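Here is the structure we will look at, set down as structure tokens.
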Amino acid sequence: MPEWLKEGKVALITGGSSGIGFALARALLQRNMDVILLARRRQLLNKAKEELNEGERVTVISADVSSVDSLMNAAKLITKSHSSIDLLVNCAGIVKPSLLKDLSFEEINNHIQINLIGVINVVKIFQEYIPRGGAILNVSSGIVFFGIAGYTAYNASKTGIMGFFDPLRRELLSRGITVHVVCPWDVDTPQYRKEQEEMPEWMKGSIRPKPMNVDIAVKRIIKGLIRNRYLIRPNFMTKFSSFMQRHLPPVWRFIIDKAVPKP
Ligand SMILES: NC(=O)c1ccc[n+]([C@@H]2O[C@H](COP(=O)([O-])OP(=O)(O)OC[C@H]3O[C@@H](n4cnc5c(N)ncnc54)[C@H](OP(=O)(O)O)[C@@H]3O)[C@@H](O)[C@H]2O)c1
């Protein structure tokens with residue numbers, strides 16, 4: 001059992017008010033950890049706290065991961081009530097499926113600012129509160145092994161954090177802090193459902209299997225963490241695609257070119 005997963009230890013979860021982050025908070029509370037949920041919308045945070053129904057064991061903080069000032073204020077508040085963060089989870093993220101030509105500059109910037117720079121901001125600000133035996137978990141995406149049309153900005157942000165976490169893992173080895181990256185394929189969350197609604201017609205009807213139940217995804221993520229896996233691949237699609245991309249890249253490109261919708 002890792003050191004951070006003990007009774008009374010604290011997990012800070014960005015994006016903890018919804019979807020994967022929220023389900024992870026619930027699972028960690030069941031394992032007797034305390035949780036801090038960080039996201040922008042106060043109303044959603046309060047609803048999440050109410051739903052978790054664990055009183056003081058759940059702290060909610062409204063902050064924007066893409067704003068350094070907002071995170072600095074959050075850090076001040078958090079360290080007043082918590083002496084350490086044993087598990088730091090970067091789950092906050094956005095996606096807008098669209099061709100690059102149809103994405104506004106603001107939408108492109110938001111993907112990078114929230115999904116990539118936001119993660120770096122959070123780790124830079126909160127790493128000093130993580131003690132030896134602590135861990136950092138980051139939610140990337142299985143899409144990094146595919147390169148599907150319609151996800152240029154999203155894929156760039158999620159691939160970017162893969163490049164951030166590998167050297168970070170080495171930087172933190174001597175401090176006894178482990179680093180993990182999870183690459184989920186479709187998981188049934190509010191973001192997944194919104195993504196399906198917003199998707200242009202040509203992207204629909206792809207071979208994508210049904211989304212994974214969020215609690216099953218979280219169970220597999222926690223299993224990967226306990227086994228100290230660096231790369232956690234909770235779905236078959238991610239395992240298969242990462243294998244193909246690594247070992248048979250030309251074959252994999254050919255298959256995706258043929259099988260995945262294009263404009
Ligand atoms: N669901 C999937 O199929 C899937 C697959 C692969 C990867 N992922 C990744 O998994 C992570 C969680 O996704 P999800 O499906 O659980 O999404 P979700 O249900 O939409 O939850 C996203 C969370 O991130 C928060 N957030 C967004 N922008 C933020 C910002 N600038 N600052 C702070 N918090 C912010 C949201 O709250 P506010 O909007 O109130 O801030 C919310 O709590 C994302 O990084 C996503 O890219 C999801």
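Odds and ends about this structure:
- Of the cross-linked pairs 96/262; 9/194; 49/210; 9/158; 47/124; 80/124, those separated by over 23 Å at the C-alpha level are 9/194; 49/210; 9/158; 47/124.
- Estimated from helical segments only, the mean residue ellipticity of the chain at 222 nm is -14000 deg cm²/dmol, where each DSSP H run of four or more residues counts as -39500 (n - 2.57).
- Intensity falloff of the stretch 68-150 expressed as log10 I(q)/I(0), Debye formula with alpha-carbon point scatterers, at q = 0.21, 0.22, 0.23, 0.24 Å⁻¹: -1.02, -1.08, -1.14, -1.20
- The calculated Kirkwood hydrodynamic radius for the stretch 14-93 is 12.5 Å, given to one decimal from all distinct C-alpha pairs.
- Relative to the dominant Cα principal axis of the chain, helix 249-259 is inclined by about 70°.
- Gain in span if fully extended, residue 83 to residue 156, counting 0.36 nm per residue against the direct Cα distance: 22.8 nm
- Per the Debye formula on identical point scatterers at the alpha carbon atoms of the stretch 1-57, with no solvent, log10 I(q)/I(0) at q = 0.18, 0.20 Å⁻¹ is -0.53, -0.64.
- Taking only the C-alpha atoms of the chain, Rg followed by Dmax gives 18.0, 55 Å.
- Across all directions, the average projected area of the convex hull around the alpha carbons of the stretch 137-254 is 8.1 nm².
- Backbone N within the stretch 73-112 under 19 Å of label point (7 Å from residue 196 Cα along the Cβ vector): 94-98
- Approximate spin-label separation residue 47-residue 106, in nm, with each point projected 7 Å along Cα-to-Cβ: 2.3
- Cα long-axis angle, helix 236-247 against the chain (0 to 90 degrees, to the nearest 10): 70
- For residue 59, distant residues with modelled amide H under 5 Å away: 35, 36, 37
- If you take the Cα centroid of the stretch 158-186 and the Cα centroid of the stretch 1-73, the two points sit 20 Å apart.
Throughout, read-outs are computed from the coordinates displayed, never taken from laboratory work. If you're wondering where the values come from, they're calculated on a predicted model, not measured in any experiment. No Cβ is skipped: glycine too gets one built from the backbone with ideal geometry, and neighbour counts run over all protein chains shown.
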